[in-house]
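Before any comments, here is the structure.
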């Protein structure tokens, strides 16, 4: 084992630091550029749309609206994608109905981006507006459990247990809307070939999703369209579903029979999915000694009027601690907006925010240290599913975090600035460790270089690097002998890159195909060396690109010279491990934070953030740590910065830009630390690895909220927590 | 066509062209020169992905009209180093894993170089503040800070 | 962007003044190009003043003369600014990002436009962008909006940090008008919205800011620039305070306080400052001063907190100025 577990620098690093990593909008071809005009009302219909001036503008090639959408895109057309929630997916230009503010209502295609953008402003639109309710709060009356999936089963008798509890709390927590905003705006570049076939470069977390959508909408056969995505400039869930630029660029390319590129503006990055605003009602009870006796978690979330977006939010409250009397409810209410979309740790981050705030409040009521309270209610099996965990080293996370943070002596730390209040808070975090079916193909060339292909993605997570590490180790070759290729529908199927399951799913497939290929090498070696006919596979090893048997070594390249051409390539599909059925797989973490709150000015800062995680085998601690730190900072952003400001009068996002939608900047980050505890897991998947992309954000906002209470005595119970929320009046 | 002349140096080479005045430096680099290492992250000076060096200073190329850069010396990520001949800064970014998705990376690297050129950093706070003009949604800030610190001190 | 004619001005072009009158002036462009892309600004002609001879900083007996075309960064890092006008140094460096400061000019900083959400969104009513269309901010999101000097037609703020420091320092703005130099005291450059929020300032078409004159007194012993914002860098001020003090034997000899993020212009009241002369430099008196300075403040819902916060910020800034750490 040379690479797995090592802090390997990224194999795609040289491309990234030289500007040679080609993201979707970087594809070089003579493109027409497409720009979308969006509605300025949230509800009603278009009564007139005049494109005359825009059509006459220099460079404009075509304008598409509901008035000239080809009929074939209207009837018996499947607009769904693999992750479409129940309901009717949005159909661009289908008719004159306006379903949300910012809806695409016209597409201008021109020779340059600037021409297309300006021409779009020359289009005159007349609307008939209808009344609507633009916020979750205004639509609460319409909340219904019928539109939401059923949560985990209730257990015990919550009402009775709550009544009999020594300490109880009933609390409401609110989260505002958050937008993904990867640095790379969503983009699609369509190359139109002379034979009428298209190659579509799309910003997506899995090219198969784009392909499915294109087939359904445009009726394209598998041989007439290929989707590629070599580099993805972050996504965080925004690329889990094809976004409207895919439709637009493809529509224009097919109609104009020309290469077309559409890149969203930053403002347009606020015109599709988002983490929905939710309201949680928590009722918790415990006994005098801190035993959690009753727990009820009800969440109401927003969705669109046309799709029922749902997340697993309340189930987390039945999972994290031992509790025999649990009541879980989940409701959705439609608002005049686009459909929400899974965003980094969807559901978990929301559910655990409310739970971990409530747990802290209950521990405080019972007069028990919040860490001790959590230890007291530790659970080592999944009560929702009634299954054991594949592994759970959360206790070790608690212990290590306590030590690194110096939790027990936290109060003795001196305050340096008389204006500042100091506070400490903690939370537990968890995320699923799932494995999905994944397929890979491997081939070896005469130079001994292995090419492994899979339709998966690298959204910044390190897929290229980690898969190369796994393959290098399994094959016994150096890292530079591995070429891992991804992001192409011509490659074997992969699950979409999401859910923190890529290492688990694709990594296990890579490991398996490499092991398969070892047998292939072994077979060819034996076939051409009759003297070793009796040698068992167990008696040989693979190192330094050589097969080793006793003191003898045989270079792969020499052995495989004797192989047939067919023998140099191999394919493999890996099914999820049995443990995925019999056990529940989760990664866990403990997070502790220090905050300062300016007594008079309300300014909240986070001087210290510590996370200790248990996530099975860590393939590359360098990239894993980086991802975890990033997701912790997302937690900070969610807690203290990010708020999609929807003006409910207009149903319009008013801060659709990076100047007023505040994501964390470098200066926001002070002392931040993460580390992993040892966690052996032989059930979750063959690698024993759990994903870490989402874990760090879960619980973090609660820890900050709890720390603010510790500092100020105030429970803010809302996100984001801004300085005006803590100002003493 | 409505164009205006402009002369400048791009990655060491003199350029003399006449161009539509609304062409930003960023669009010129990406659409006209296919120098796509410089990224469009917001197009409004709010993210730093388009950062390049003009006379050694970091600027948002999305907010500069090319015609207004007459006589200037422009350096993009492509002029800093190549995969076969990485600059010190690029090497440090790789070593420190000062990125994840890589989209903001060219701009971040330009900012570290401009920071060193300016030479006005006296504290960790000032360093972080300087680097705050480059958003990183992956939030690789800890490693970015490490890399920026090394570049400021070592090179 | 709407297509436009572009002219690169030379000194000779200035003499006639016609081009300036008919054009929108382009200097660094960091705000103008931004607004043009959103369709908020739609000039037919741009006059690029980048080659005009206003890119120097000159020291003299009258203080420091900042060329309008010197970048914000070159100004902040100039040795005389760091030494004599550390308030200005700090204010400039608290603004925007390194990249924007490297490009934005001093003249442009003075004329940057508001960050009001509704001003920037051409789909929304805004009297400043489109006179007579209404103000969506008054009953909408106004957390970043003004509490002083507002009108029924506009509650926007001036977004600059640099201007708040310049107001406190009582700088003067040199304007070229019809071939002659006009000197405008800083507090007369910007205006309150009244019934004409489309006008940010008192300049006339054809006017060109050439310099900013800093007076000799830079208050380098007792100053503070306190900026309160939603993240620790790269964010506009919710509230900012530029505070300058001269103190003798515990008593106030001179006091200058300008506020950012609370009005359509940097907010400063000479009359209230004069009342403080001779009083003890104490928290109590600073509190009294703060009350007087923001007398008549009115908030609009989500910016209610600003009334309390600005008072505390003024006191904090004055105390910091009094007792530099």
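Quick note: the coordinates plus some simple rules give every number you see, no bench work behind them. The structure displayed is predicted, hence computed values, not measured ones. Cβ coordinates were reconstructed from backbone atoms using ideal geometry, including for glycine residues, and neighbour counts include every protein chain displayed.
How big is the equivalent ellipsoid of the range B:88-154 along its three axes, where each semi-axis is √(5λ) from the Cα gyration tensor, reported in whole Å from largest to smallest?
Over the Cα atoms of the range B:88-154, the semi-axes work out to 17, 13, 10 Å.
Placing a label point 7 Å from the Cα of residue A:78 along the Cα-to-Cβ direction, the residues of the range A:200-230 with a backbone N closer than 19 Å are A:206-227. From the square roots a ≥ b ≥ c of the eigenvalues of the alpha-carbon gyration tensor of the range C:11-160, which class results: rounded (a/c under 1.5), prolate (a/b over b/c), or oblate? Oblate, since a/c reaches 1.5 and b/c is not below a/b.
Could you work out the per residue convex hull volume over the alpha carbons of the protein assembly as shown, in cubic angstrom?
Numbers: hull volume 214.3 nm³, N = 1209.
It is 177 Å³ per residue.
Over the whole of C:89-99, what's the average partner chain Cβ count within 10 Å per residue? Rounded to a whole number, please. Before the final figure, lay out the partial values.
Working: counts 0, 0, 0, 0, 4, 1, 0, 6, 16, 17, 21.
Per residue, the number of nearby Cβ atoms from other chains is 6 on average.
How would chain C be classified by its alpha-carbon gyration tensor: rounded, prolate or oblate, with rounded meaning a/c under 1.5 and the a/b versus b/c comparison settling the rest? Oblate, because a/c is 1.5 or more while a/b does not exceed b/c.
Would you mind giving the mean number of other chain beta-carbons within 10 Å of the Cβ of each residue in A:630-640, as a whole number? Write down the numbers at each step before the final one.
On the way: counts 10, 2, 2, 7, 3, 1, 1, 3, 0, 0, 2.
That average works out to 3.
Peptide A:667-674 shows a mean partner chain C-beta count of 6 within 10 Å per residue C-beta.
Report note on the peptides C:263-272, A:326-335, B:80-89: ranked by the mean count of other C-beta atoms within 10 Å, highest first, their order is A:326-335, C:263-272, B:80-89. Averaging the sequence gap over all C-alpha pairs within less than 8 Å and six or more residues apart, then dividing by the number of residues, gives chain B a relative contact order of 24 percent. Once Rg and the Kirkwood radius are both taken over the C-alpha atoms of the range A:100-176, their ratio Rg/Rh works out to 1.28. Only Cα sites of the range B:4-79 enter the Debye sum here, all with the same form factor; the resulting log10 I(q)/I(0) across q = 0.19 1/Å is -0.69, listed in q order.
Distance distribution note for the range C:135-240: the fraction of Cα pairs above 22 angstrom is 45%.
At a 10 Å Cβ-Cβ cut-off, how would you order C:325, C:151, fewest neighbours first?
On the way: C:325 4, C:151 17.
By the 10 Å Cβ count, ascending: C:325, C:151.
Counting only DSSP beta bridges with both residues in the range A:597-696, what percent are antiparallel, rounded to the nearest 5? Of all bridge pairs located within the range A:597-696, approximately 40 percent are antiparallel. Among C:133-140, A:378-385, A:209-216, C:233-240, sorting by the average number of other beta carbon atoms lying within 10 angstrom of each residue, highest first, gives C:233-240, A:209-216, C:133-140, A:378-385. Hey, how many Å between the Cα centroid of the range A:662-705 and the Cα centroid of the range A:219-286? Between the Cα centres of the range A:662-705 and the range A:219-286 lies a distance of 26 Å. Quick check: from the Cα gyration tensor, does the range A:337-458 come out rounded (a/c under 1.5), prolate or oblate? Prolate shape, in that a/c is at least 1.5 and a/b is the bigger ratio.
At a 10 angstrom cut-off on C-beta neighbours, averaged per residue, how do the peptides A:486-497, A:502-513 rank from highest to lowest? Write out the running numbers ahead of the final one.
Values: A:486-497: 22.0, A:502-513: 27.7.
Packing proxy ranking, top to bottom: A:502-513, A:486-497.
Extending 7 Å from Cα along the Cβ direction at residue C:139 and again at residue C:282 yields two label points whose distance is 4.8 nm.
The Cα center of the range A:64-98 and the Cα center of the range A:477-518 differ in position by 35 Å.
Arranged from fewest to most other beta-carbon atoms within 10 Å of their beta carbon, B:127, C:318, A:2, C:110 become A:2, B:127, C:110, C:318. Beyond 26 Å, how much of the Cα-Cα pair distribution for the range B:1-142 remains, as a whole percent? Result: 22 percent of Cα pairs exceed 26 Å.
Shape analysis of the range C:224-322 based on the Cα gyration tensor places the equivalent ellipsoid semi-axes at 23, 15, 11 Å, largest first.
In chain A, what percentage of the DSSP-assigned beta bridges are antiparallel, given to the nearest 5?
Details: 96 of 126 bridges.
Close to 75 percent.
Helices in chain A, meaning DSSP H runs of at least 4 residues, each add -39500 (n - 2.57). Divided by all residues, the mean residue ellipticity at 222 nm is -7000 deg cm²/dmol.
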